[in-house]
């Protein structure tokens, strides 16, 4: 699928999903059921740890370190710039969506988060970070590393639900937004063409 087509369809589907989640009660029953299931899991320690390690502010620092790696060790200025631009663009879109859609966080959440709920910044950021790591060190082709990245993304999402900081649909929204940005990074490829 061509990048422009992917972006257009991806954006339309994402905006539709975001509006359905934040402006209707269509998914509220599903959110409630999933929250109850996640709260039964024995993951309090993992939830607190992953919420801290993958805080969006720290993810920005990790991504800045990756930009420096592209510049200093790979000697690839364009790769550093592309990663930096997608990081700034992605977090800006995430912030604009949060502020524009203004979905309140679940009542009684355990995390000390402020601001709005949709999309999950932790879930968005961890997808972007895992994607950047894959593109930087593994050329996005190592199946074991991809699997580990997916497990980390799922654990961060579960942590955010467990802590009551987000509804499951917020986490899905964060993951989907991160995936859209990652696919664009992958296609512009940070200096490589992975679409072949």
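The values are calculated or read from the model by the stated rules, or taken from the named source; none is laboratory data. The model shown is predicted, which means the values in this text are computed figures rather than measured ones. All Cβ positions, glycine included, derive from the backbone under ideal geometry; neighbour counts span all protein chains shown.
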Contacts under 9 angstrom Cβ, first residue in the range 51-71 being crowded, with 20+ Cβ neighbours inside 10 Å, partner not in a helix (DSSP H, G or I), 6 or more apart: 51/111; 51/113; 51/163; 51/165; 70/76
Candidate set from the range 72-81 (those that are part of a helix (DSSP H, G or I) and touching a residue at least 24 places away in the same chain (Cβ under 8 Å)); member that is nearest to residue 150 (Cα to Cα): 79
In the range 43-79, residue nearest to residue 137 (Cα to Cα) [restricted to those that are modelled with pLDDT under 90 and out of contact with any helix residue (DSSP H, G or I) (no Cβ under 9 Å at 6 or more places or on another chain)]: 73
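Here is a yes/no grid of residues against (1) under 25 Å from residue 102 (Cα atoms); (2) buried (at least 24 other Cβ atoms within 10 Å of the Cβ); (3) at pLDDT 95 or above:
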{"residue": "114", "(1), (2), (3)": "yes, no, no"}
{"residue": "117", "(1), (2), (3)": "yes, yes, no"}
{"residue": "120", "(1), (2), (3)": "yes, yes, no"}
{"residue": "126", "(1), (2), (3)": "yes, yes, yes"}
{"residue": "130", "(1), (2), (3)": "no, no, no"}
{"residue": "137", "(1), (2), (3)": "no, no, no"}
{"residue": "142", "(1), (2), (3)": "no, no, no"}
{"residue": "148", "(1), (2), (3)": "no, no, no"}
{"residue": "158", "(1), (2), (3)": "yes, no, no"}
